[in-house]
Amino acid sequence: MFPSVTGSNLNKEQKIVPQDLDGELNVVIVAYQQWHQRLVNSWVPFLQELDARYPEFEYYELPTIRRMNTIYRRFIDGGMRAGIPSTETRCRTITLYIDKKAFNDALGITSEENIHIFLIRRGGEILWRGEGPITEELATSLEEALSSIASK
């Protein structure tokens, strides 16, 4: 199960993940480091295609950062907001300031050196997982999982 965590999207709306996600089926990309953005971006065109084909599907980026005080959080979120002019992309970016060890342990994540991709139900059930930038093999695997679930 994907753990329930609270964060705010870049439009300053508080969200509980996964319960407040818009899709019944959601891809969430967990990213830990600023340079991970290019890895996340490698997935976006493919996820946009899936979003157009599956009405119950949505996708989100979860920048995952250790807990810190409000001043630092505002600074980091402000910097991300300034770099993302699209309101839709800001809605899809939910920053988590959490106990990363507990979160990683719950998900079986042993390294923060890569991004981690999860297909989850809104209730938290993990249906598929992957790691790293998009590859043909990962894309095919995710789409097969999504199409088999969405068609039921």
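Values quoted throughout were computed directly from the atomic coordinates according to the rules given, and no laboratory measurement underlies them. Source: prediction; values computed, not measured. Glycine also receives a Cβ, built like all others from the backbone with ideal geometry; neighbour counts cover every protein chain displayed.
Structure summary
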quantity	calculated
Using a Förster distance of 25 Å, the FRET efficiency for Gln34-Ser111 (Cβ separation, nearest 0.05)	0.90
Residue order, fewest to most surrounding Cβ atoms within 10 angstrom, among Trp43, Trp128, Trp35	Trp35, Trp128, Trp43
By average C-beta atoms within 10 angstrom, highest first, the peptides 129-135, 108-114	129-135, 108-114
For peptides 142-148, 94-100, sequence by mean Cβ density within 10 Å, most packed first	94-100, 142-148
C-alpha center-to-center spacing [region 90-115, region 1-64] in angstrom	12
Length added when fully stretched, Asp22-Gln48, from 0.36 nm per residue minus Cα-Cα	7.9 nm
